[in-house]
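Okay, structure first, notes after.
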Amino acid sequence: MKFRAGGVEHDRPCFWISDHGIVLIDQRALPMSVDLIRIEDTERAAEMIRTLAVRGAPAIGSFGAWALALAIRRGEDPETVKKILYETRPTAVDLEHGLDLVMKWFKKDGVDGVLESAGRFYEETIETCRRIGQMGSHLISNGTKVMTHCNAGALATLDWGTALAPIRFSSREGMDPFVWVSETRPLLQGARLTAWELKNEGIRHRIIVDSASASLIAGGEVDLIIVGADRVCVNGDFANKIGTLSKAIAAREFGVPFYVAVPWSTFDRECSSGEEIPIEVRGGDEISFVGEKRISPTGSECHNPAFDVTPAKYVTGFITPDGVISPNDVKNKIK
Ligand code: MRU
């Protein structure tokens, strides 16, 4: 991903390892400023995930894996560190997956093996997303109007993205897609992050308020929808950022194809249906404040679920690194 920070042009993932610390783009500050933060301890690593300085399912999977691997190298107790990191965010299964992998590598290969494997996992995550882009690019031709939600781009996955990968890939192949970006209340991952990525990449886009989605879908302004996911169940139900379900229902009603772009690490073999997905409920201040400014009456309570569950019946296909599969195929493919 290309970006500018401190007057320097970068072309790198949303975080990287340097001198046994993790350097990340602080996503809370984007797009107004591009700040890099260096993390060298477990509490700060957990805080970065909890406060969404690093976010998106595959990115927190790899970030969590590196945070645990580096803590093991510092001689910290693996089980304690794993628990601290695991408890930061409950919905994205990738975090659990990344932490479990590190524990497995540690038991098998010791400290050096863990660092090497975490590095390989990092590279594989990037390659997986590039392949999602390649596999989904046939859905997009010149002028295709794609709608997406939240940020399932390079910032959420290290590089390429999941939902943004086919868009990025087709644009790099010379296509000229157009993207409707829903702002994604309350933390504005669409307006702040997806728009920033698309602008840096020179891809045409417009930001809309979340509640404009259905009328654009109904009005024939959307050719297809591509979103990411935080957890996909065995029956094809999936969780993604709050506001995904209403787009899926509108898409079905008005005959617009609805795709979910996902790496295999986001499928959860233990989760048979959407009812079992733990949904993160975040603090009400994220709704009642915009930045520093309060926008609702003091004393009016807020309810802030960060994700919703979309039933498999609304999904046209899952764009995986190995091709597009139907929701009915999920069970066999993840065996
Ligand atoms: O709360 P966030 O910003 O971490 O939510 C992220 C999403 O919902 C993404 O769509 C999802 O993680 C897929 S990322 C490729």
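The values are calculated or read from the model by the stated rules, or taken from the named source; none is laboratory data. It should be emphasised that the depicted structure is a prediction, and the values quoted were computed from it without experimental measurement. We place every Cβ from the backbone using ideal geometry, glycine too, and count neighbours over all the protein chains shown.
Exposed (fewer than 14 other Cβ atoms within 10 Å of the Cβ), assigned to a loop (DSSP other than H, G, I, E, B) and either among the hydrophobic types (A, V, I, L, M, F, W, C) or at pLDDT 95 or above (or both): is that true of Glu301 in this structure?
On the way: exposed (fewer than 14 other Cβ atoms within 10 Å of the Cβ): yes; assigned to a loop (DSSP other than H, G, I, E, B): yes; either among the hydrophobic types (A, V, I, L, M, F, W, C) or at pLDDT 95 or above (or both): yes.
Considered against the rule, which asks whether it is exposed (fewer than 14 other Cβ atoms within 10 Å of the Cβ), assigned to a loop (DSSP other than H, G, I, E, B) and either among the hydrophobic types (A, V, I, L, M, F, W, C) or at pLDDT 95 or above (or both), Glu301 comes out as yes.
If you go through the stretch 175-190 and keep only what is under 16 Å from the mean Cα position of the chain (by Cα) and over 13 Å from Lys241 (Cβ atoms), you end up with nothing.
Scan the stretch 40-56 residue by residue and report those that are among the hydrophobic types (A, V, I, L, M, F, W, C) and at positive phi. I'd like the intermediate steps shown before the answer.
At the first step, the residues of the stretch 40-56 found to be among the hydrophobic types (A, V, I, L, M, F, W, C) are 45-46, 48-49, 52-54.
Leu52 - this is the single residue of the stretch 40-56 that is among the hydrophobic types (A, V, I, L, M, F, W, C) and at positive phi.
Evaluate the stretch 29-36: report whether one residue or more is under 27 Å from Gly274 (Cα atoms) and in contact (Cβ under 8 Å) with a residue 60 or more places away in the chain. No, because not a single residue in the stretch 29-36 is under 27 Å from Gly274 (Cα atoms) and in contact (Cβ under 8 Å) with a residue 60 or more places away in the chain.
Looking at this structure, is Glu96 of a type in the set (Asp, Glu) and either in a helix (DSSP H, G or I) or without any contact (Cβ under 8 Å) to a residue 12 or more places away in the chain (or both)? Reasoning before the result, please.
Details: of a type in the set (Asp, Glu): yes; either in a helix (DSSP H, G or I) or without any contact (Cβ under 8 Å) to a residue 12 or more places away in the chain (or both): yes.
So Glu96 passes the test.
Residue-wise test of (1) within 13 Å of the ligand (Cβ to nearest atom); (2) surrounded by fewer than 18 Cβ atoms within 10 Å (Cβ to Cβ); (3) under 15 Å from the mean Cα position of the chain (by Cα).
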| position | (1), (2), (3) |
| --- | --- |
| Leu52 | yes, no, yes |
| Ile60 | yes, no, yes |
| Arg73 | no, yes, no |
| Glu87 | no, yes, no |
| Ala92 | yes, no, yes |
| Asp109 | no, yes, no |
| Ser117 | no, no, no |
| Gly133 | yes, no, yes |
| Gly143 | no, yes, no |
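Within the stretch 266-283, residues that are more than 10 Å from Asp237 (Cα to Cα) and in contact (Cβ under 8 Å) with a residue 24 or more places away in the chain reach partners that are within 13 Å of the ligand (Cβ to nearest atom) and part of a helix (DSSP H, G or I) with beta carbons closer than 6 Å, at six or more positions or on different chains, in the pairs Thr266/Ala57; Thr266/Asp94; Asp268/Val93. Every listed requirement among (1) in contact (Cβ under 8 Å) with a residue 24 or more places away in the chain; (2) within 16 Å of the ligand (Cβ to nearest atom) is met by Leu188 save one, (1). Residue-level check: of (1) crowded, with 17+ Cβ neighbours inside 10 Å; (2) touching a residue at least 60 places away in the same chain (Cβ under 8 Å), Asn200 misses just (1). Ala212 fulfils the conditions (1) among the hydrophobic types (A, V, I, L, M, F, W, C); (2) within 16 Å of the ligand (Cβ to nearest atom); (3) free of Cβ contacts under 8 Å to residues at least 60 places away in the same chain except for a single criterion, (2). When the residues of the stretch 75-85 are filtered to those that are surrounded by 20 or more Cβ atoms within 10 Å (Cβ to Cβ) and of a type outside the set (Val, Ile, Thr), the one that is nearest to the chain's Cα centre (by Cα) is Leu85. Checking each residue of the stretch 96-112 against the condition of being modelled with pLDDT under 95, more than 30 Å from Glu286 (Cα to Cα) and not charged (D, E, K, R) gives at least one match. Within the stretch 132-155, not a single residue is touching a Ser or Thr at 6+ places or on another chain (Cβ under 8 Å) and farther than 29 Å from Ala214 by Cβ.
Could you check, for the stretch 231-249, whether at least one of its residues is farther than 23 Å from Thr157 by Cβ and assigned to a helix (DSSP H, G or I)? Within the stretch 231-249 (the criterion being farther than 23 Å from Thr157 by Cβ and assigned to a helix (DSSP H, G or I)), the answer is yes, since at least one residue qualifies.
In the stretch 119-131, which residues are closer than 16 Å to Gly323 by Cβ and under 13 Å from the mean Cα position of the chain (by Cα)? I'd like the intermediate steps shown before the answer.
So in the stretch 119-131, the residues closer than 16 Å to Gly323 by Cβ come out as 127-131.
Correct list: Cys129 only.
Kindly establish whether Ala45 is over 19 Å from Asn151 (Cα atoms), within 16 Å of the ligand (Cβ to nearest atom), without any contact (Cβ under 8 Å) to a residue 60 or more places away in the chain and under 19 Å from the mean Cα position of the chain (by Cα). Yes; evaluated as a whole, the condition is true for this residue. Within the stretch 258-298, restricting attention to residues that are part of a strand (DSSP E or B) and in contact with a strand residue (DSSP E or B) (Cβ under 6 Å, 6 or more places away or on another chain), which residue is surrounded by the fewest Cβ atoms within 10 Å (Cβ to Cβ)? Filtering the stretch 258-298 for residues that are part of a strand (DSSP E or B) and in contact with a strand residue (DSSP E or B) (Cβ under 6 Å, 6 or more places away or on another chain), the one surrounded by the fewest Cβ atoms within 10 Å (Cβ to Cβ) comes out as Val281.
Inclusion of Ala239 among residues that are under 17 Å from Thr184 (Cβ atoms), within 14 Å of the ligand (Cβ to nearest atom) and touching a Lys or Arg at 6+ places or on another chain (Cβ under 8 Å) is warranted.
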